[in-house]
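Encoded as structure tokens, the structure appears first; notes follow it.
The values are calculated or read from the model by the stated rules, or taken from the named source; none is laboratory data. Quick caveat, the model's predicted, so the values are computed rather than measured. Every residue, glycine as well, gets a Cβ built from its backbone with ideal geometry; the counts of neighbours run over all protein chains shown.
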Amino acid sequence: MAEDVIQSIYDNPSKLAAFFGAKKNHKVLQNSGVQKPAIHKIRRWLQKQDDYSLEKPARRRFTRAKVVVSDINEQWDVDLADMQSLSKENGARYLLVAIDIFSRFARVYPLKNKTGKEVAKGLEQMFQSAQPKKIRSDAGSEFKNAYVKNLFKVRNIYHHIALNEVKANYVERLNKTLKVLIWRFLARKRTKRYTDILPKLVESYNSTPHRSINNVAPKDVNENNSADIWAYMYLKPRKQSALKSLKNTINKAKTLYRYKIGQLVRLSHQRKPFTRVYNEQWTYEVFKISRRFQMQSIPLYREVDLLGEEVLGNWYQAEIQPIDRHENALWEIQKVLKTRRINNKTQCLVKWTGYSDKFNSWVDKSEVKNL
């Protein structure tokens, strides 16, 4: 039987390609004198193996939908830069950093802490000079609290929380640039105090031409040149190789979807801190695809857990992994919480490995197996 042949290779540490993926196992089987299962059968068998799907390397680089803005202050990215190592000399533990996605104009405000009240105070100071229509941040509690929510409500600002691995990527890039500038200054001047010159560093950043906006400085972006800058950012001619690559990406996407609605999948740990059991790259918990759609010709998916509760966020194909769970598949129990007797049957309340307490359930003791 094909599955027995695959298992005899995969399960034996002394065999070539033991615990490897489909291609390696297929090659070993091709070079052996035994039955040679087709590679799709090997892939299908591996989808049933928890150890394989949990530890499969997760891709970090793949085509993502882009943020497209049409004008200045349409959307800001905001984040906190951690400066706790220099707090004693500067009186600030964090920097509240904001960047206008269209003009790349930066705003920075030192914070004593990252409480909601302090963050709201910093945002209010930024809004004195300009106010965006939308703000994007990560899911940190510093942006998800009553003080900040109320500020956004009063000022009629839409708050979008980025749930994917990249998060608010424009401001995260700015954070890195800002820290490099600060540390270079500190090393040059043999000091640990930067807050006195922070406004000058930010002003220098805003006065420096940016390649991404046609070598215009952020402070010089205005109503008179915004149309030209928008055209440069989104309509500029691409090199032939880049255009060809883009066309190939779109053509691949137009083949539509790799996965079906209702299909069981694991989700990448790089996106969200799900419960980990070992050092797995994918969720131990299994989810079900509930919806699929396209954004900028890129396939995206929505999922629900096995109780039907929706998982937040849209997921790219590279962030989900299909698995095969047949009817008689075993589900690992982390702990038996208690037992009871009903209708002459002993039942166990069990906590399932990799699942939250909401999944705790009663099962007949006769169905519990020791492996």
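When R302 is tested against (1) within 21 Å of G354 (Cα to Cα); (2) surrounded by 14 or more Cβ atoms within 10 Å (Cβ to Cβ); (3) modelled with pLDDT under 80, only condition (3) is not met.
Taking the conditions (1) in contact with a Gly (Cβ under 6 Å, 6 or more places away or on another chain); (2) within 30 Å of E319 (Cα to Cα) in turn, L174 satisfies each one other than (1).
R136 falls short on exactly one of the conditions (1) over 24 Å from the mean Cα position of the chain (by Cα); (2) surrounded by 12 or more Cβ atoms within 10 Å (Cβ to Cβ), and that condition is (1).
Name the residue that is surrounded by the fewest Cβ atoms within 10 Å (Cβ to Cβ), counting only residues in segment 91-129 that are of a type in the set (G, A, S) and in contact with a strand residue (DSSP E or B) (Cβ under 9 Å, 6 or more places away or on another chain). Across segment 91-129, the extreme among qualifying residues is S129. Out of everything in segment 130-150 that is among the small types (G, A, S) and under 18 Å from G313 (Cα atoms), what residue ends up being modelled with the lowest pLDDT? That would be A139. A search for C-beta distances below 9 Å between a residue of segment 220-234 that is outside any loop (DSSP other than H, G, I, E, B) and any residue that is surrounded by 11 or more Cβ atoms within 10 Å (Cβ to Cβ) and among the acidic types (D, E), counting only pairs 6+ apart in sequence or on different chains, returns S226/D71; W230/D71.
Inside segment 351-362, residues that are at pLDDT below 90 and over 16 Å from T283 (Cα atoms) make up a count of 0.
Within segment 91-128, the set of residues being part of a loop (DSSP other than H, G, I, E, B) and not charged (D, E, K, R) comprises G91, A92, I101, F102, S103, F105, N113, T115, F127, Q128. Just one of (1) modelled with pLDDT of 90 or more; (2) part of a strand (DSSP E or B) fails for L307. It is (2).
Within segment 210-219, the residues that satisfy the criterion of being in a loop (DSSP other than H, G, I, E, B) and more than 10 Å from R104 (Cα to Cα) are N214, N215.
From the list Y147, Y170, the lone residue that is out of contact with any helix residue (DSSP H, G or I) (no Cβ under 8 Å at 6 or more places or on another chain), hydroxyl-bearing (S, T, Y) and assigned by TED's automatic domain parsing to the domain that holds L80 is Y170. Scanning segment 314-370 for residues that are under 28 Å from the mean Cα position of the chain (by Cα) and surrounded by fewer than 12 Cβ atoms within 10 Å (Cβ to Cβ) returns D357, K358.
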